[in-house]
Amino acid sequence: MLNTYVKKTRPESALQSIISATAGCEEKTLKKWARMDADESGCIYVVLKGEVEVRRRSDDLCIAVAEKQFVYGIADFFDEESNVYLLVRADTVIQQFDKQQFEQVVAANALWPELGRVLAWYMALLSKRDDVLIARTAYTIIREYLIEINELTLQYGRDINVYDYIQEYTSLARSTIVKILAELKKGEYIAVKNGKLLSLGCLPEKY
């Protein structure tokens, strides 16, 4: 659910203004499974190229996957804990700044409004995710993610295993996911083969 929401609401102009201001600064490449944690390092990270997972620190739950340029650690910049860390899924090029360095870049380029816009977007993403997962039944959560998987497959050509994807982004038990998807297949609401979603009909609101 969050991955499609990220693509649709991304504040491209604000992000690019910040990232452009860091052009020419030192870059380094992180290998797969490297971890970035702004709370632990006290640093701000500008992700220039690659693919990273945004994971919740408390239980390592994957919240979203970032494949475009973005800035991580803004909450920590304002002395607030972000409660998330980044896990590299493919070689990723980054720039790393301590708070004072990053503040100098922002101030020199008058980017405080853009920084605020990006922080507001991050807060909206977390609010959206809570809206999907909190006080919802297992079926309504799975319904939301089936709709997202279908959109990612049709519009972005993603190759997704339905069972793995839903389990990765929720706290639902594998058995619960299998049971509900089996019922939906039996009712011919969905078609799944080898874990891939082949078709999606009009899903019922309630299970």
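Structure above, values below:
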{"item": "0 to 90° range, to nearest 10: angle between helix 99-108 axis and the chain longest Cα axis", "result": "80"}
{"item": "FRET efficiency, Lys49 to Asp130 (Cβ-Cβ, R0 30 Å, nearest 0.05)", "result": "0.50"}
{"item": "Full-stretch length increase - Tyr163, Arg117 - with 0.36 nm per residue and alpha-carbon distance subtracted", "result": "13.1 nm"}
{"item": "Region 51-207 - Debye-derived log10 I(q)/I(0), Cα point model, q = 0.17, 0.20 Å⁻¹", "result": "-1.07, -1.33"}
{"item": "Net charge over other residues, Cβ less than 15 angstrom from the Cβ of Arg89 (K, R count +1; D, E count -1)", "result": "-1"}
{"item": "Rounded to whole Hz, the Karplus (6.51, -1.76, 1.60) HN-Hα couplings of region 185-199, x for glycine and proline", "result": "5, 4, x, 6, 7, 9, 10, 10, 9, 6, x, 9, 7, 8, 8"}
{"item": "Rounded FRET efficiency, nearest 0.05, which uses the C-beta distance separating Gln100 from Glu205 and R0 of 45 Å", "result": "0.30"}
{"item": "For region 141-192 and region 116-131, distance of Cα centres in Å", "result": "24"}
{"item": "Nearest-0.05 FRET efficiency for Lys31 and Asp60, computed from C-beta distance (R0 25 Å)", "result": "0.85"}
{"item": "Computed over region 138-200, Kirkwood Rh from alpha-carbon pairs, angstrom", "result": "11.6"}
{"item": "Contact order normalised by residue count of the chain, Cα under 8 Å, 6+ apart, percent", "result": "23"}
{"item": "Viscosity 0.890 mPa s, 25 °C: Kirkwood-radius Stokes-Einstein D of region 2-133 over Cα pairs, µm²/s", "result": "165"}
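No value in this document is a laboratory result; all are computed from the given coordinates. Since we're looking at a predicted model, the values are computed, not measured. Every residue, glycine as well, gets a Cβ built from its backbone with ideal geometry; the counts of neighbours run over all protein chains shown.
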